[in-house]
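Undergrad: Below is a structure I'd like to ask you about.
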Amino acid sequence: MPKLYWTKYDQLQFAARHILENFDVSQIKNHNSFWPAGTSKEYLPTLLEWLVANHSTKILLPPKGACGDGFATYEILLDFGITIRLGVSSQGRISLLQPLYGPNVVRVNSEEAKKIFTILFSNVEKRG
Amino acid sequence: MSVFLNLDIKLWRPGQEERIYTARELREKFPELCKDEQLLQGMMIDNFGCGLTINGSVKSRCTFMYNGESSGDMLQLYEQHLPDLLEGKKVLVHFYEEMTAWRFTPEGDEMIWEVVDMSKGMDKAEVEQEGRCEKLPFIKGAISWLTEAVNILERYKEPTKRAGGQDLEDQIDMAKRLLEYSRKTLVSKGWKP
C-alpha cells in the first residue's frame with residue numbers, strides 16, 4: 001500500500017482552486033469546479049486523511065521520470081455522491097484534489113467564473 | 001496546415017479587462033513590463049499558457065501544473081508523449097487542473113488532433129474540436145515553447161524576486177533539465193531539430 005502525503009502548499013492550492021471563498025482569481029481555467037457551498041479549507045485535510053485510510057489500496061504510484069516525479073490521476077466516488085479526481089506523484093505526494101461532479105458541485109467555465117468573481121468582489125467592496 | 005504552440009500569460013482581476021501578453025511582447029516590452037507588479041506577481045511557469053495553434057488560430061489554450069518541485073503533466077509531455085508521437089504512437093496530453101486534454105493520433109507525417117473535455121470524468125470524455133495537422137512541426141513547436149518559457153523565466157527572474165513574486169530558480173532548473181532530456185531523447189530516435 002503506497003504511503004500517501006500532502007504538503008501545506010498542496011493544501012492551500014486545493015482550497016485556492018476549488019473553494020469559492022479561497023479561490024485565487026489568477027488561476028481561472030477553461031473548466032473550474034468548486035466544492036459545495038459551506039465546504040471549508042479546514043475540511044480538506046480531514047477528507048484527505050479519510051481518502052488515504054480508505055482508498056490507498058486502489059492507488060498505484062506512477063513510475064518516476066528521468067527529470068522528476070511521474071504523475072497519475074484517479075477518479076474516486078465518495079460516499080456522499082461526489083466524484084473527485086486525485087493526482088498522485090511517484091513519491092506518493094497528493095498534488096491534485098478536485099471535485100468533478102455530484103450533488104452541489106459547482107462547475108463553471110472561465111467566462112462564467114469571471115462574471116461570478118466580478119460580482120462577488122464588487123459586493124465585498126460595497127460592504128467595505 | 002501549420003501547427004505550433006504559442007506561449008502567453010493572461011492577467012485578470014475582478015472588475016478589470018483581461019490582459020494577455022505574448023512571448024514576443026514579454027521579450028520586447030521587458031523594460032516596461034519588468035515594473036508591472038501584477039505581471040511579476042503572476043510570473044511562474046504554471047501561469048504560462050500553452051496554446052495549440054493550427055493555421056494561425058488558437059484551438060485550445062491550457063496551462064501545466066507546477067507543485068513547487070516539479071510538473072508531472074509537463075514531464076509526461078516532454079519525456080513520453082513527444083518521443084511516442086515521433087514513433088507514431090497515439091498520445092493523450094493531460095492538463096490536469098484544466099480538465100482538458102489534447103489527443104494526437106499519428107498517421108504518417110500528419111496526425112489527427114482532438115481537444116477533449118475531461119471535466120465529466122475520464123470515461124465520459126467528449127471531443128470538443130478536431131482536425132488534422134503535421135506531426136514534426138508540433139514536436140518542434142513543443143520544444144520551442146519550453147525554450148521560450150526558460151528564456152522568459154530567466155529574463156524576469158530578478159525583477160520578480162524584487163517584487164516579492166515567485167522564486168523562479170527551481171522552475172528554470174526543472175524546465176532546463178526537461179528540455180535537455182527531451183531534445184536528446186528525440187534526437188536519439190531520429191528527430192532532426
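Every number here is computed from the coordinates shown, using simple stated rules; none is lab data. All values reported here derive from a predicted model rather than from experimental measurement. Here the Cβ is made from the backbone with ideal geometry for all residues, glycine too, and neighbour counts use every protein chain on show.
Undergrad: Take the conditions more than 14 Å from chain A (Cβ to nearest Cβ), surrounded by 14 or more Cβ atoms within 10 Å (Cβ to Cβ) and charged (D, E, K, R) and apply them to B:E134. Does it pass? Even if it seems obvious, please write down each step before you answer.
TA: Working: more than 14 Å from chain A (Cβ to nearest Cβ): yes; surrounded by 14 or more Cβ atoms within 10 Å (Cβ to Cβ): yes; charged (D, E, K, R): yes.
It is true that B:E134 is more than 14 Å from chain A (Cβ to nearest Cβ), surrounded by 14 or more Cβ atoms within 10 Å (Cβ to Cβ) and charged (D, E, K, R).
Undergrad: Regarding A:V124, is this residue closer than 29 Å to B:G49 by Cα and either within 11 Å of chain B (Cβ to nearest Cβ) or part of a loop (DSSP other than H, G, I, E, B) (or both)? Step through it out loud before you land on a result.
TA: Numbers: closer than 29 Å to B:G49 by Cα: no; either within 11 Å of chain B (Cβ to nearest Cβ) or part of a loop (DSSP other than H, G, I, E, B) (or both): yes.
So A:V124 does not fit the description; no.
Undergrad: Every residue in the range A:77-97 that is assigned to a strand (DSSP E or B), more than 7 Å from chain B (Cβ to nearest Cβ) and buried (at least 16 other Cβ atoms within 10 Å of the Cβ), please.
TA: Start the filter on the range A:77-97 by keeping residues that are assigned to a strand (DSSP E or B), which leaves A:77, A:83-89, A:93-97.
Checking which are more than 7 Å from chain B (Cβ to nearest Cβ) leaves us with A:77, A:84-86, A:88, A:93-94, A:97.
A:I84, A:R85, A:L86, A:V88, A:R93, A:I94, A:L97, listed by residue number.
Undergrad: Just need a number here: residues in the range A:19-49 that are of a type in the set (S, T, Y), buried (at least 17 other Cβ atoms within 10 Å of the Cβ) and not in a loop (DSSP other than H, G, I, E, B).
TA: So the first thing to find is which residues in the range A:19-49 are of a type in the set (S, T, Y), and the list is A:26, A:33, A:39-40, A:43, A:46.
Of the ones still in play, those that are also buried (at least 17 other Cβ atoms within 10 Å of the Cβ) are A:33, A:39.
Add one more test, that the residue is not in a loop (DSSP other than H, G, I, E, B), and what stays is A:33.
Residues that pass the stated criteria total 1.
Undergrad: Give me the residue from the range A:5-55 that is in contact with a strand residue (DSSP E or B) (Cβ under 9 Å, 6 or more places away or on another chain) and of a type in the set (G, A, S) and, out of that set, nearest to the other protein chains (Cβ to nearest Cβ).
TA: A:S26
Undergrad: Go over the candidates B:E158, B:E180 one by one and state the one that is assigned to a helix (DSSP H, G or I) and within 14 Å of another protein chain (Cβ to nearest Cβ).
TA: Numbers: B:E158 fails: within 14 Å of another protein chain (Cβ to nearest Cβ).
Criteria check complete, one pass: B:E180.
Undergrad: For the range A:50-76, name all the residues that are in a helix (DSSP H, G or I) and either among the β-branched types (V, I, T) or touching a residue at least 60 places away in the same chain (Cβ under 8 Å) (or both). Step through it out loud before you land on a result.
TA: Our first condition is that a residue be in a helix (DSSP H, G or I); within the range A:50-76, this holds for A:50-58.
Across the range A:50-76, the qualifying residues are A:V52, A:T57.
Undergrad: Would you call B:Y96 of a type in the set (F, W, Y), free of Cβ contacts under 8 Å to residues at least 40 places away in the same chain and under 17 Å from B:G49 (Cα atoms)? Explain how you work it out, then say what you get.
TA: Details: of a type in the set (F, W, Y): yes; free of Cβ contacts under 8 Å to residues at least 40 places away in the same chain: yes; under 17 Å from B:G49 (Cα atoms): yes.
So B:Y96 fits the description; yes.
Undergrad: Among the residues of the range A:9-39 satisfying the criterion of being among the β-branched types (V, I, T) and free of Cβ contacts under 8 Å to residues at least 60 places away in the same chain, which is nearest to A:N109 (Cα to Cα)? Even if it seems obvious, please write down each step before you answer.
TA: From the range A:9-39, those among the β-branched types (V, I, T) are A:19, A:25, A:28, A:39; that's our starting set.
Retained after the next criterion (residues that are free of Cβ contacts under 8 Å to residues at least 60 places away in the same chain): A:19, A:39.
Values: A:I19: 15, A:T39: 20 Å.
Among those that are among the β-branched types (V, I, T) and free of Cβ contacts under 8 Å to residues at least 60 places away in the same chain, it is A:I19.
Undergrad: Every residue in the range B:54-77 that is within 23 Å of B:D167 (Cα to Cα) and buried (at least 19 other Cβ atoms within 10 Å of the Cβ), please. If you could, list the steps in order and put the result at the bottom.
TA: Restricting attention to the range B:54-77, the residues satisfying the condition of being within 23 Å of B:D167 (Cα to Cα) are B:62-75.
Hits for the range B:54-77 are B:C62, B:T63, B:F64, B:M65, B:Y66, B:N67, B:S70, B:S71, B:G72, B:D73, B:M74, B:L75.
Undergrad: Considering only the range B:79-137, state which residues are touching a Cys at 6+ places or on another chain (Cβ under 8 Å) and not β-branched (V, I, T). Before you say what the answer is, go through the steps one by one.
TA: The first filter runs over the range B:79-137 and keeps only residues touching a Cys at 6+ places or on another chain (Cβ under 8 Å), leaving B:79, B:95, B:98, B:100, B:102, B:110-111, B:113.
Matches in the range B:79-137: B:E79, B:F95, B:E98, B:W102, B:E110, B:M111, B:W113.
Undergrad: I've got another one for you. Kindly indicate which of B:E126, B:E148, B:E107, B:E114 is under 23 Å from B:Y21 (Cα atoms) and surrounded by fewer than 22 Cβ atoms within 10 Å (Cβ to Cβ). Steps first, please.
TA: On the way: B:E126 fails: under 23 Å from B:Y21 (Cα atoms); B:E107 fails: under 23 Å from B:Y21 (Cα atoms); B:E114 fails: under 23 Å from B:Y21 (Cα atoms).
None of the other options fit; the residue is B:E148.
Undergrad: Would you check which residues across the range A:1-18 are hydrophobic (A, V, I, L, M, F, W, C) and part of a helix (DSSP H, G or I) and list them?
TA: Result: A:L12, A:F14, A:A15, A:A16.
Undergrad: Check off (1) surrounded by fewer than 17 Cβ atoms within 10 Å (Cβ to Cβ); (2) touching a strand residue (DSSP E or B) at 6+ places or on another chain (Cβ under 8 Å); (3) on the phi > 0 side of the Ramachandran plot for B:I20 and give me the number that stays unchecked.
TA: Only one criterion is unmet by B:I20, namely (3).
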